[in-house]
1. Please return the ranges of strands (runs of 3 or more DSSP E) entirely within the stretch 15-122 where 1 or more residues are within 14 Å of ligand 1 (Cβ to nearest atom), in contact with a Lys or Arg (Cβ under 8 Å, 6 or more places away or on another chain) and within 22 Å of VAL134 (Cβ to Cβ).
2. Looking only at the stretch 93-144, which residues are of a type in the set (Ser, Thr, Tyr) and out of contact with any Leu (no Cβ under 7 Å at 6 or more places or on another chain)?
3. May I ask you to say which residue of ILE82, ILE58, ILE34 is without any contact (Cβ under 8 Å) to a residue 24 or more places away in the chain, out of contact with any Asp or Glu (no Cβ under 8 Å at 6 or more places or on another chain) and closer than 16 Å to MET102 by Cα?
Amino acid sequence: MKRDRDDTDFRGLKKMYEKREAGCIFCEIPDKRIVLEDELSYVIRDGFPVTFLHSLIIPKRHVKTYFDLSQSEINSTNRLLIETQRLIDVEDHGVSGYNIGMNSGESAGQTVFHCHIHLIPRRDGDVENPRGGVRHIIAGKGYY
Ligand code: 5GP
Ligand code: ZN
């Protein structure tokens, strides 16, 4: 019987994607908090949101930063990022922009050392002058 199969052994890959760390909040998120998921990643609302519907896209595998992700995880988190953005657009018609952000490393402000992508919906007038956006992570350097 001809079938689209070969002898590739995927067991090592499966084991890699199962990596979790005890005590890590993003490895131990209760199912009821999950808004969206696929095999490799999931989405939750931030526990301390900077604004309504602030969401986190998180690979299930315990890795520290975006730079540790496999191409499959990059595809998965990106798909969920876009899907979450669409759902937020539907849920809140007042949303007129987004910031997408990652704090990679303590120097960059990371506090939870399991990779996550912040998706922050923005609304007209939510800050006095939004010009510069993520440039404001270095105080005083937002405007140019
Ligand atoms: P970081 O500073 O590492 O980029 O972001 C960590 C994020 O995780 C923060 O935005 C923080 O509000 C969020 N966070 C911390 N603890 C919890 C929690 O227990 N549940 C949820 N949903 N988010 C959390
Ligand atoms: Zn973890």
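1. Hits in the stretch 15-122: 41-45, 55-59, 95-101.
2. SER96, SER104, SER107, THR111, TYR143, TYR144 - these are the residues of the stretch 93-144 that are of a type in the set (Ser, Thr, Tyr) and out of contact with any Leu (no Cβ under 7 Å at 6 or more places or on another chain).
3. Going through ILE82, ILE58, ILE34 in turn, just one is without any contact (Cβ under 8 Å) to a residue 24 or more places away in the chain, out of contact with any Asp or Glu (no Cβ under 8 Å at 6 or more places or on another chain) and closer than 16 Å to MET102 by Cα: ILE82.
Only the coordinates and a few stated rules stand behind these numbers; no lab work does. What you see is a predicted model; the values in this text were computed from it and never measured. Note: ideal-geometry Cβ built from the backbone for every residue, glycine included; neighbour counts use all protein chains shown.
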